[in-house]
Amino acid sequence: MLTAVSSYLQTDRVTLRQLGLDDAERLVELDSDPAVMRYLTGGEPTPPEMYRDGMHHFVAAYERWAGNFGLFAAYESESGTFIGWFCLRPERDGPLDQVELGYRLRQAAWGKGYATEVSSALLTKAFTELDVRTVWGETMSLNVPSQHVMEKVGMVVVRDVETPEDMMAVEGSELGGYRYEITREQWVALHP
Ligand SMILES: CC(C)(COP(=O)(O)OP(=O)(O)OC[C@H]1O[C@@H](n2cnc3c(N)ncnc32)[C@H](O)[C@@H]1OP(=O)(O)O)[C@@H](O)C(=O)NCCC(=O)NCCS
């Protein structure tokens, strides 16, 4: 059982914590499942060196944003099992009140409502503690589970987006994707 000490976020079933320099193998393993990477790379794993040599970037981001934003490891609170990650973060040099919501979970953790549960709590944190004005997320049009998550937490499509150049090999790239957003006002209206 994980304690709440030093966690970034705690929901009914999931605990988010900052990644450490020794978490590289967890991310390597997560990205080695072609099903997880299907709408990100077309199924190709992320080169392990990217994580093995790059964990300090995640740590530097916590420092840059005073621990308020970044990419956080997710654990099932009861079992302590690593289930993937969530991010809530501004663009690198962008305004602190416009932040991206993202998530990537191990296949074993799909379909249990974890993504929806944690995303909902991240929106609450963003709008009630972190002075955020807009949360956004983008997903490919074939990635229906991801769209369901955003819709279930109240985000709405604001426009179509083109597939980035480096993702043109991904299945469905020709269909592009969607940008979802929710503003503080929209969130407040859903949580009177
Ligand atoms: C996207 C992802 C995080 C969703 O996680 P999850 O924990 O399974 O999501 P939830 O259990 O909260 O379910 C969200 C919704 O998606 C639906 N869903 C789950 N799998 C689905 C599938 N294969 N097809 C259609 N809908 C699906 C669920 O039924 C639920 O909607 P509903 O309650 O309206 O039925 C997970 O699929 C994942 O990690 N995918 C790989 C990485 C990825 O694509 N990340 C997003 C990039 S934009």
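The values are calculated or read from the model by the stated rules, or taken from the named source; none is laboratory data. Here the structure is a predicted model, which means the values were calculated and not measured. Positions of Cβ are backbone-derived with ideal geometry, glycine not excepted, and every protein chain shown enters the neighbour counts.
Structure notes:
- Qualifying residue in the range 5-12 (condition: under 23 Å from T116 (Cα atoms), within 14 Å of the ligand (Cβ to nearest atom) and surrounded by 15 or more Cβ atoms within 10 Å (Cβ to Cβ)): yes
- Checking each residue in the range 156-178 for being touching a residue at least 40 places away in the same chain (Cβ under 8 Å) and closer than 18 Å to V99 by Cβ picks out only Y178.
- Number of the exception - W85 against (1) under 20 Å from V135 (Cα atoms); (2) outside any strand (DSSP E or B); (3) not acidic (D, E): (2)
- Any hit, the range 105-113, residues being aromatic (F, W, Y) and crowded, with 16+ Cβ neighbours inside 10 Å: no
- Residue count for the range 35-49 satisfying the condition of being of a type in the set (D, E, K, R), more than 18 Å from E165 (Cβ to Cβ) and surrounded by fewer than 16 Cβ atoms within 10 Å (Cβ to Cβ): 1.
- Meets criteria (more than 8 Å from the ligand (Cβ to nearest atom), outside any helix (DSSP H, G or I) and in contact (Cβ under 8 Å) with a residue 60 or more places away in the chain) for E181: no
- Residue count for the range 125-147, restricted to those that are in contact with a helix residue (DSSP H, G or I) (Cβ under 8 Å, 6 or more places away or on another chain) and either part of a helix (DSSP H, G or I) or more than 12 Å from the ligand (Cβ to nearest atom) (or both): 7.
- Hey, T124 closer than 22 Å to V158 by Cα, at pLDDT 95 or above, among the hydroxyl-bearing types (S, T, Y) and touching a His at 6+ places or on another chain (Cβ under 8 Å) or not: yes
Residues checked against (1) surrounded by fewer than 12 Cβ atoms within 10 Å (Cβ to Cβ); (2) at pLDDT below 95; (3) small (G, A, S):
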{"position": "D97", "(1), (2), (3)": "no, no, no"}
{"position": "Y103", "(1), (2), (3)": "no, no, no"}
{"position": "T116", "(1), (2), (3)": "no, no, no"}
{"position": "S120", "(1), (2), (3)": "no, no, yes"}
{"position": "M167", "(1), (2), (3)": "no, yes, no"}
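- Residue pairs meeting the criteria (Cβ under 7 Å; at least 6 apart or on separate chains; first of a type in the set (D, E), in the range 73-101; second in a loop (DSSP other than H, G, I, E, B)): E76/R13; E78/M1; D97/D131; D97/V132; D97/R133
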